[in-house]
Structure formats: C-alpha cells, structure tokens
Amino acid sequence: MKENIRKRIFSVILTIICVLSLVPQPVRAQEIWPKGPRVESKSAVLMEVNTGTILYEKKSHEKHYPASITKIMTSLLAIENCDMDEEVVFSADAVFKNEGDTSNIGRDLGEVLTVEQCLYAVMLESANECAYALAEHVGQKMGGDYRTFIDMMNDRAKALGCENTHFNNSNGLPDEDHWVSAYDMALISIEAYKNEEFRKITGSTSYSIPITNKCEEVHYGHNHHKMLYPFRGDTSQLYEYCTGGKTGYTSAANSTLVTYAEKDGLTLVCVVMDADSPAHYTDTRKLFDYGFENFQALSIAENDAVVGESATRDYGLMNTNEPYAKLDENAYIVMPKTASFSDAAFEEDKENVEEGTLAKLKYTYAGRIVGQANIVATGAKVDNSYFNQQRSASGEEGEVREVQIKPVMFVIIFAAIVVLGLLIYLAKKLYDNFYVICHNMQMRRNERARFRVRKRKKRYRRRDRMFK
C-alpha cells in the first residue's frame, strides 16, 4: 500500500514539472559585441566620453612613448590651477631646452605671455617651450618648481585610475622614464574634455598671439590636427564630426594621436599610438566610423520604466510633493544598434559612489560597462499644507487636532503573511500525517469489508437452518 502511495506522489510531482516546463520563460538575447576594424597602429582604444564605455581596444594597456599628446595633461593641470590672464615669464630652461628641432613658436628669454596664450600655443601648435613655461609657472605657484608640476601630473594620472603611466616631462620629448598606455591616455583625455575651457581650446582651428615685450609681430597659429583643420593645405584627412584633439610625433614614439568626435548623441575619444604616418589618421577614421555606425546612445530615464519613473513622478500624501530623489536625466547607456535597452543588466555600484550622490547604478552588456546613472537628492521638502488645513477646520482657534495615518498597507501585508503561514502549517501537517490518514482510511475500508462478509455468513447460516 505504501508503495502505491509513493508512486502516486511521484506521478504528481512529475506532472507539475512537465507543466512548468511548458510555461514560457524569459530568455535574454545572446549578447554580441560588434567586431571592430583592423588597424595598423600598435596600440589603440575607442571610448565613449560620458559613459567610459570601451567600444574597441587593441593592446590598449601596453606602455608606449606618448610624444606631444602628453600636453593634454599639462594643459588640464594649467587650466585647473591658473586664471587665464595670469602672466607666464619664460625662463632660460623653458627657452633653450626646447628649441632647435623640437616643436616651438620661437619665444625668447624673459618674454611674457598669458596662461591662455600659452595654452593655445601648446594645444594647437604643440609648442614645447610654452608647455615647459606653463609647468614652471604652476609648479612655482604651488610653492615648488618644474619637478613639482611633474609630480602633479603623476598624482593626477594615478587618481584617474592610470596604471601604466609615468610622466617625466611636460611636453612629451623622448625620455626612457616617460610612457603611457592608450587606455590611460583615454582616461586623461576624457577628464580633460569635461573641462569647458579645454574643449574650447582643443576645438579651435586658429589663434593669434599679439605683440609681446620681446616680439614686435603678431604670431598667427593654426591647429595641426588635420581631422579638424587642413594644416598646410592638406584636406584629405578632414573629418566632419571631429571636435578637437592633439597630435604627437617623435622618432622614438612614432606618430601618436588623440581625437574627439561627436555624432548622434555619442561623444567618442580615440587614442592611437606607435603608428606610421598616415595610419594614425586612417586608423582613427576607421574607429570613429565603426563607433558611430554600430552603437547608439539610449537614455536611461526614457527607457527604464522602473528606474526612470523616479525622475518624473510626484510623491507625497496627496501625490503633490516633488520626488525626494531622482535619476540623472542626462544619463544614458551605449549599446550596439542590434541590441535593445532591455538587454542591458543593471546593479548598484557601491564602490564608486560620488560625493553628494545617494546611489549609483551600473549598466553592463556583453561583459562590458555600458553606462552609469546617479541617483541624487532633489532637496524637496514635505508639503504640510494638507495637515494645516485639517487643523484650521477643527473649530476653535488654537485647538490642535492630532491627525493619525493608519498603516493600512502594513496591516494588509501582515495579515497576508499570517494567512500564508497558516496555510503552509496546515499543508505541512497534512503532509506529515499523510501516511497515517491513508492507513486509517484503509483500515476503515477493511473493517467495512469484514463486516459485510460476517453479515453474509450469518445470512447463509440462517438460510441453511431453514432448509434442514
């Protein structure tokens, strides 16, 4: 009998499993990252500026000589630590250590330029003496000297997460102790692009330096980046979406290039290192075309019904208060055009929460971080006008009536939990006594069967006595 009961239980369980297997289950689409182009540069990386998403990389963590793209870090620190109208005096080291075959604009000993003029000369014309003079100026302002500025460069690189970077000068001239990876250079370039003054300078095509105390002629300079400006009449490399960048070249470093471009809501930065000319330009173009053709920016607030709702919904007793926290409405993720927003997974990022941020969400797809979104406090205050109206309606002036809000939802939830617990308890009791119940039922059936047998036997005996 027990064996039959076990068989019946097994049959029920098997039936439930079969039914559940027929219920449609949510299936995540296969996560495919578009294949990137083949580039000639020894090292390259393509990143989205606002999300930090890596769209493409080739040996991006290898160390290389950066040449003049070093000046992006130099310019960033100068902008952050100086006013644009501060005067920079050119020392002997600034002038005589950076003349000759190195890139320069012919400044003289004791010449005075403003920080702004030096920055344009550094970023547009790669003037080495101006980069050196800026480094000296900032270092002295910080209470030190030129080496103080170099230490600042390395400290800032470390703070940005650079692990394969060491600066030993401010202009990128060949030095065995001066190297950086393409990935680290992208991190530095992204940080610089966040600065409005830097964006204005790097995106300029020309700039003029007026007459100075040492030069009686106006100096007219032009951007050497051929994807932004047709330097020396070369229009073959112009790229309509380019918004700035920095060139670099030494015999040791070969050609290096940092370029920014914007299109269709995406802001990309491309870094290529150790390239033979003109591959630094053609590789950059290939990578930008790959990025813009294969990826899209998707607003988190507009696409995520769960998270995005908090950025627009009102809260409060009468549903009239502003939300106390909201999602960054400008946040977006970068996804392949073959994927949808729902294909990305998100989780709370507990390690990189910025100051003033309540929480941070991290979105991932195909094993890559594709975006982040900050949840911040709005500063909204509770609207007490509803309660004040209740007090004024109580009658006598000065009388205060206590308003209590009954936690109805908590009572309902608690009741539901109790009922569920009771059902689980009864089910367990039924399961525990299942064999006992079945046994008792069988015993009763057996007893009734024996009673019927005895009753028939008595009837047969009475019949027999009647016929004898």
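Ligands, DNA and RNA excluded, the heavy atoms of Phe451 present near 120 Å² of accessible surface to a 1.4 Å solvent probe. Of the Cα atoms belonging to the stretch 56-172, the radius of gyration and Dmax stand at 14.1, 46 Å. Spin-label model, Glu80 to Glu347: label points 7 Å out along the Cα-to-beta-carbon direction sit 3.0 nm apart.
Using heavy-atom solvent-accessible surface (probe 1.4 Å) with all chains present, what is the largest-first order of Lys59, Lys286? Working shown, then result.
Working: Lys59 125, Lys286 85 Å².
Result of the area sort, largest leading: Lys59, Lys286.
So which of Lys71/Lys97; Lys35/Lys350; Lys263/Lys337; Lys63/Lys286; Lys263/Lys286 end up more than 25 Å apart, counting from Cα to Cα? Result: Lys35/Lys350 exceed 25 Å.
Placing pseudo-labels 7 Å out from each Cα toward the beta carbon at Thr148 and Leu358 gives an inter-label distance of 4.3 nm. Rolling a 1.4 Å probe over the protein heavy atoms of the stretch 80-228, with every protein chain left in place, gives an accessible area that is 43 percent carbon and sulfur. Model label points for Val112 and Ser251, set 7 angstrom from Cα along the Cα-to-Cβ axis, are 4.0 nm apart. Ratio of Rg to Rh for the stretch 121-189: 0.96 [Cα atoms; Kirkwood radius as inverse mean 1/r over pairs]. Compute the whole-percent fraction of alpha carbon pairs in the stretch 156-195 spaced more than 16 Å apart. Across the stretch 156-195, Cα pairs with separations above 16 Å total 34 percent.
How high is the FRET efficiency from Thr102 to Lys263, r the C-beta distance, R0 30 Å, rounded to 0.05? Can you show the working numbers first?
Numbers: r = 35 Å, r/R0 = 1.17.
About 0.30, to the nearest 0.05.
The values are calculated or read from the model by the stated rules, or taken from the named source; none is laboratory data. As the structure is a computational prediction, the values presented were derived from the model and not from experiment. For neighbour counting, all protein chains shown are included, and Cβ atoms are generated from backbone atoms with ideal geometry for every residue, glycine included. Accessible surface areas use protein heavy atoms only, side chains included; no ligands, DNA or RNA. Shrake-Rupley method; radii C 1.70, N 1.55, O 1.52, S 1.80 Å.
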